[in-house]
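The values are calculated or read from the model by the stated rules, or taken from the named source; none is laboratory data. Only a predicted model underlies this, so the values are computations on that prediction, with no experimental measurement involved. Every residue, glycine as well, gets a Cβ built from its backbone with ideal geometry; the counts of neighbours run over all protein chains shown. With ligands, DNA and RNA removed, areas are computed over all heavy atoms of the protein, side chains included. Shrake-Rupley method; radii C 1.70, N 1.55, O 1.52, S 1.80 Å.
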Amino acid sequence: MARQQVGLIGLAVMGQNLALNFESKGFSVAVYNRTTARTDDFIEGPAKGRNVLGTHSIASLVEALESPRKVFLMVKAGEPVDDFIGQLLPHLHKGDLIIDGGNSYFKDTERRSESLASREVLYIGTGVSGGEEGALKGPCIMPGGQAEAYALVAGLLTKAAAQVDDGPCCSYIGPAGAGHFVKMVHNGIEYGIMQCIAETYDAMSQILGMSATEIGEAMTDWQTGELNGYLMEITINALAMKDEDTGKPLVDVILDKAGQKGTGKWTSQTALDVGVAIPTIDTAVASRIMSAFKDERVAASKLLNGPKPPKEQKATMVQNLRDGLYCSMISTYAQGFSLLTHASAEFGYGLNMPEIARIWKGGCIIRSRLLDKFRAAFQEKKDLVNILVAPEFVEIMNKRQASWRKGVGAAVAAGVPCLSLGASLAYWDGYRAARMPQNLTQAQRDYFGAHTYQRTDKPGTFHTIWPDTEQ
């Protein structure tokens, strides 16, 4: 009996769409879901008449696969991944492969990879970006693990991935947890860009009194040029959507409380561990957290007075916010790529920055016109430590910094919260600062804790006997 080429566990929408994607590219698929009814509904529904085999147990799924077996996990990150690995192991043999396609924490992926290697079972942790539509039509796929493991599924993954002008949006990322690490940083960049867009919308609404429709029309013009990207595209569509119940713009009736699933937080935590500054991403996470305190914010708004918004010329203000958003996006990507660069060295991932920029061009949530520029910058200078110092971006940021400052300054003057737009600008200012005030910080640290300091005029480590203070 002919056996199926790939197995897939987990038939939520992402899993279903990925299974259909694999089958549409010429691969036979066996599927399993813990809830039998969901498997049967899928086989009799979306997968009807296609080369997809439904199974009702882990054992029957594995039995249905050709050797070496390749099993894709599309289950919730965390304990469910470990549970299914535990269920699979008794049925797998040397050289079989498990692929985790969920948003797993990269250190969990490294732990699982090491554990499975001792059992001679191969393991890939792969980021899959593009949402439900991307999973069906072609996502960006970021696989990490053993090179020999990737070789087993390279044909499957590259055909299933989104396709752009210079190839599939899938490439071998690196060993162990590299794939999930890159996906985590991708999501952190996603948090930052989304927040910068949201703050720009908020400033246009509160300072200029523009409606959701007017803001969408302005952003439509931006989208046709250098701000072109998926997140801008869906923002424009969201601003144009009308609520069926009230006839109002839908965004005007959506409660201002944002959720999160942890990848942004992980990005911030990892950056702190590695010692890399990513303030736009940090503040984007903080903004979502702050949004959850809706009742507290409403109560505080009745007590804490803000400034009266200054009058701004609409056309000039819109241009300043546009330039500010463009520069903030570049700053956000720069922070993400900086984290990838430094973490790659620390973790021994050997990340290929031009290739990461290339595969992000299609399928994924942060795809944008900027990625061609980032790829070219990394190709031109192999040891580029930060895209902000690449010649093209030096010119862009230097030319537009005045507008950027005016846009952020107007928001601050009007009392409109702009944590991420402001952090993006502050990152640029901090990165270009030849001297920062941490000389005073070191003096303070040495004062209260004898932490020592270095000097600007001679080598060595120094400590000062500071005057006593009254206790």
> Given (1) in contact with an Asp or Glu (Cβ under 9 Å, 6 or more places away or on another chain); (2) at pLDDT below 95; (3) of a type in the set (Lys, Arg), where does residue 311 come up short, assuming only one miss?
Replying inline: (1)
>> So, residue 239, is that one open to solvent by 60 Å² or more (accessible area, probe 1.4 Å) and under 26 Å from the mean Cα position of the chain (by Cα) or not?
In response: no
> Of these, 53, 20, which one is open to solvent by 70 Å² or more (accessible area, probe 1.4 Å) and either of a type outside the set (Val, Ile, Thr) or more than 33 Å from the chain's Cα centre (by Cα) (or both)?
Replying inline: 53
>> Looking for something in contact with a strand residue (DSSP E or B) (Cβ under 6 Å, 6 or more places away or on another chain), within 21 Å of residue 80 (Cβ to Cβ), open to solvent by 20 Å² or more (accessible area, probe 1.4 Å) and at pLDDT 95 or above - is there at least one such residue anywhere in region 163-179?
In response: no
> Residues that are open to solvent by less than 80 Å² (accessible area, probe 1.4 Å) and within 30 Å of residue 157 (Cα to Cα): which helices (runs of 4 or more DSSP H) entirely in region 363-471 hold 3 or more of them?
Replying inline: 370-380
> Filtering region 226-285 down to residues that are free of Cβ contacts under 8 Å to residues at least 12 places away in the same chain and of a type in the set (Val, Ile, Thr), which residue is farthest from residue 427 (Cα to Cα)?
Replying inline: 246
> Of the conditions (1) part of a helix (DSSP H, G or I); (2) of a type outside the set (Asp, Glu); (3) surrounded by fewer than 21 Cβ atoms within 10 Å (Cβ to Cβ); (4) more than 16 Å from the chain's Cα centre (by Cα), residue 341 fails just one. Which one is it?
Replying inline: (4)
>> Exactly one condition in (1) free of Cβ contacts under 8 Å to residues at least 40 places away in the same chain; (2) part of a strand (DSSP E or B) is false for residue 48; which is it?
In response: (2)
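Being among the hydrophobic types (A, V, I, L, M, F, W, C) and either in contact with a Ser or Thr (Cβ under 8 Å, 6 or more places away or on another chain) or assigned to a strand (DSSP E or B) (or both) narrows it down to one residue among 210, 219, 204; which is it? Show your work before the answer.
Values: 210 fails: either in contact with a Ser or Thr (Cβ under 8 Å, 6 or more places away or on another chain) or assigned to a strand (DSSP E or B) (or both); 204 fails: either in contact with a Ser or Thr (Cβ under 8 Å, 6 or more places away or on another chain) or assigned to a strand (DSSP E or B) (or both).
Within the list 210, 219, 204, the selection yields 219.
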> In this structure, does residue 357 turn out to be over 16 Å from residue 186 (Cβ atoms), out of contact with any strand residue (DSSP E or B) (no Cβ under 8 Å at 6 or more places or on another chain) and small (Gly, Ala, Ser)?
Replying inline: no
>> Can you say whether residue 282 is among the charged types (D, E, K, R), surrounded by 12 or more Cβ atoms within 10 Å (Cβ to Cβ) and part of a helix (DSSP H, G or I), as far as the supplied structure shows?
In response: yes
> Does region 93-112 contain any residue that is closer than 19 Å to residue 7 by Cα, at pLDDT 95 or above and open to solvent by 40 Å² or more (accessible area, probe 1.4 Å)?
Replying inline: yes
> Do you know which of the residues in region 285-330 that are of a type in the set (Gly, Ala, Ser) and outside any helix (DSSP H, G or I) is surrounded by the most Cβ atoms within 10 Å (Cβ to Cβ)?
Replying inline: 292
> Which condition does residue 263 not pass, out of (1) open to solvent by 20 Å² or more (accessible area, probe 1.4 Å); (2) at pLDDT below 95; (3) under 20 Å from residue 105 (Cβ atoms), if it passes all the others?
Replying inline: (1)
>> Please go through region 124-162 and give me each residue that is touching a residue at least 60 places away in the same chain (Cβ under 8 Å), more than 15 Å from residue 364 (Cα to Cα) and either of a type in the set (D, E, K, R) or open to solvent by 10 Å² or more (accessible area, probe 1.4 Å) (or both), ordered by number.
In response: 152, 156, 159
> Filter region 72-87 for residues that are out of contact with any helix residue (DSSP H, G or I) (no Cβ under 6 Å at 6 or more places or on another chain), outside any loop (DSSP other than H, G, I, E, B) and touching a residue at least 24 places away in the same chain (Cβ under 8 Å); which is most open to solvent (accessible area, probe 1.4 Å)?
Replying inline: 82
> Can you name the residue in region 202-217 that is touching a residue at least 60 places away in the same chain (Cβ under 8 Å) and open to solvent by less than 10 Å² (accessible area, probe 1.4 Å) and, of all such residues, is farthest from residue 237 (Cα to Cα)?
Replying inline: 203
> Taking region 377-404 on its own, how many of its residues are over 22 Å from residue 336 (Cα atoms) and either in contact (Cβ under 8 Å) with a residue 24 or more places away in the chain or of a type outside the set (A, V, I, L, M) (or both)?
Replying inline: 2
> Given the structure, is residue 199 under 15 Å from the mean Cα position of the chain (by Cα) and either of a type in the set (D, E, K, R) or open to solvent by less than 10 Å² (accessible area, probe 1.4 Å) (or both)?
Replying inline: no
>> Restricting to region 242-259, name every residue that is surrounded by 15 or more Cβ atoms within 10 Å (Cβ to Cβ) and more than 13 Å from residue 213 (Cβ to Cβ).
In response: 258
> Taking interchain pairs and intrachain pairs at least six residues apart, which have beta carbon atoms under 6 angstrom, with the first residue in region 318-329 and at pLDDT below 95 and the second small (Gly, Ala, Ser)?
Replying inline: none
> Right, residue 13: touching a strand residue (DSSP E or B) at 6+ places or on another chain (Cβ under 9 Å) and on the phi < 0 side of the Ramachandran plot or not?
Replying inline: no
> If you go through region 136-193, how many residues are in contact with a Cys (Cβ under 9 Å, 6 or more places away or on another chain) and aliphatic (A, V, I, L, M)?
Replying inline: 7
